1. Order B:283-296, B:248-261 from most to least packed using the mean count of other Cβ atoms within 10 Å.
2. Could you provide, to the nearest whole Å², the per residue accessible area of the protein assembly as shown with probe 1.4 Å?
3. Could you derive backbone 3J(HN,Hα) for segment B:251-260 from the dihedral phi with the Karplus parameters 6.51, -1.76 and 1.60 (θ = phi - 60°), listing whole Hz in sequence and x where the residue is Gly or Pro?
4. How much net charge surrounds residue B:286 when only other residues with a Cβ under 14 Å from its Cβ are counted (Lys, Arg +1; Asp, Glu -1)?
5. What's the average, rounded to a whole number, of partner chain beta-carbon atoms within 10 Å of each residue's beta-carbon in B:210-222?
6. Between B:154, A:130, B:193, whose Cα lies farthest towards the positive end of the dipole of the protein assembly as shown when Lys and Arg beta carbons carry +1 and Asp and Glu beta carbons carry -1, centred on the Cα centre?
7. Would you tell me the mean number of C-beta atoms belonging to other protein chains that fall within 10 Å of each C-beta in B:103-113, as a whole number?
8. Cα-based count: Lys pairs in the protein assembly as shown below 21 Å, eight or more positions apart or different chains?
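The values are calculated or read from the model by the stated rules, or taken from the named source; none is laboratory data. This is a predicted model, so every value here is computed, not measured. Cβ: placed from backbone, ideal geometry, glycine included. Neighbour counts: every protein chain shown. These accessible areas exclude ligands, DNA and RNA; they are computed on the full protein's heavy atoms, side chains included. Shrake-Rupley method; radii C 1.70, N 1.55, O 1.52, S 1.80 Å.
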Amino acid sequence: MASAYLSIEQVGKSFTRGGSTTQVLADIDLKVGRGEYISIIGHSGCGKSTLLNIVAGLTPVSTGAVLLDNSEVNAPGPDRAVVFQNHSLLPWLTVYDNVRLAVDKVFRGRKSAAERHDWTMHNLDLVQMAHARTRRPSEISGGMKQRVGIARALAMEPKVLLLDEPFGALDALTRAHLQDSVMQIHASLGNTVMMITHDVDEAVLLSDRIVMMTNGPAARIGEILDVPLARPRERLDLVADPTYLRCRAAVLKFLYERHRLVEAA
Amino acid sequence: MSVPARDNVPTLDSAAVRESLPLGGTKVAPFPKVQALSVATTRTRPRGARLLKLARTVAGEVVPPLIPLLVLLGVWELLCAGPDAALPPPSRVLADTWELITDPFYDRGGLDKGLFWHLLASLQRVLLGYSLAAVGGVAVGTLIGQSQWAMRSLDPLFQVLRTVPPLAWLPLALAAFKSGEPSAIFVIFITAVWPIVINTAVGIRNIPEDYRNVARVLQLNPLEYAVKIMIPAAAPYIFTGLRIGIGLSWLAIVAAEMLIGGVGIGFFIWDAWNSSLISDIIVALIYVGIIGFFLDRSVALVGVLVTRGTATS
Ligand SMILES: Nc1ncnc2c1ncn2[C@@H]1O[C@H](COP(=O)(O)OP(=O)(O)O)[C@@H](O)[C@H]1O
Ligand SMILES: [Mg+2]
């Protein structure tokens, strides 16, 4: 692996609520190379979002540190763009204006107004949403909203793209379309991506490595699986691919045999 | 359309403000395709059928509210027809006040002016006091909404103050300002300001965490955050408060003017009572109701225009 671009070093996180402290994450150590696509998988509530928010700078660490491109992360910023699970587009702005807001903020002073317009349209084109630029979020489907959310994140030209269950709320067909789009974008732009998912197939299809987390409290990284599948990947070709099936089985084993979620009564 | 009741003012802890007024009806039509379709079908219909359809909608919209009005007038006419009835029947009201209705612009100096001038004076007071309340209320509500602590500590005070009847403030205002005009404006202000403060604060507090996170990732500065996120996100709540406020202002001005005198619709009514001109009072009440209705509608309309698309996501 190349030298670490994003480095999560001995990160721990505890939340204190109403006098009682719970440790959510413990000893998280992870190095991500430039251009790598990493998935984080684990049962609901284990602390995946917390980890992503720590990398985003939205949540401060309790112990340890996050380094990106050799500087410490301690506040949110556009170099770590987040695509939230529920799209979080601003409903009073059109599709175009949602992306343009980010473009204006990030490139003010560096690009002229015309260049910022072109850049906004370019990113909407990337996710095939230019046709809906004048619509408001309430007028487009869930999958389209996620596309716009991805366009907004890409438009910031982030060093790392952070995706928190980006396709979790979508139906299977729409999800497959979006996964293909994300793979294409990743192939052409070479982004460094950290994606949370709870979908095993999605993780294997998209990732270079899959980070599997143990159950909380005090969740850790249980195992990291390499996915040595050549790119570009075609979902149909992979259906019977032995490597694909082996990876899939490994993740399923981890999740449902060794770290089955024991429901607290 | 009823004037919004004071009970519609939510507590700071209630998230259900938007339900309290039909302002939530700012939904953007989510089915543009269906709309286009229905336009297309009407276009292909023959002209006669279209006219018939128009007539039908007019009949459906206009006739229902007319029926109870006519019934009401009829019953009133019957009840007050006798020579010793305490109140005049509608026909008498019309005959008595024909001059008042047809010439609202006369001005014979002093307080002897047409209804237009009285209503204008009242409206001016309301607009001044209400504008102060809107600006001050949104500003204070915004500050309070930012801080959990400020909300907890100030909410009980506001909940008590907002129940003080508008007129109860008047003597205090007269003592402080030593003059009727600023006192009336103060009464409007103090009446309208509470629902605006409280709704704004609730709106600011209810801004979804996601929008704040977007702002943080984009590193918006406080001014950009206020203009681009905070105000649009809280706008539906703010307009609920503004709409309750305008209704209360109009309620308060009539009562306040009865006491402070001078040109104004409240004083006109009181003066008519002193001169036993019951018909004049009835006409004035109708005007007060109609103007109150339009004030409420216009704030609602501005709200719909400003918050277009905010209510749904
Ligand atoms: N702000 C917070 N305060 C207290 N506890 C929190 C907070 N955020 C998350 N948690 C707790 O941390 C745990 C992990 O949450 P999360 O990271 O959202 O899980 P996941 O995304 O894996 O489903 C949960 O038990 C949750 O209750
Ligand atoms: Mg989560």
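1. On the way: B:283-296: 16.9, B:248-261: 22.4.
Ranking, from highest mean packing down: B:248-261, B:283-296.
2. Value returned for the protein assembly as shown: 49 Å² of accessible area per residue.
3. 4, 6, 5, 4, 5, 5, 5, 4, 8, 8
4. Values: positive: none; negative: B:96, B:280.
That sum, taken over residues with Cβ under 14 Å, equals -2.
5. On the way: counts 8, 4, 2, 7, 11, 4, 7, 20, 11, 6, 2, 1, 0.
Counting Cβ atoms of other protein chains within 10 Å of each residue's Cβ and averaging gives 6.
6. Value computed over the given set: A:130.
7. 0
8. 15
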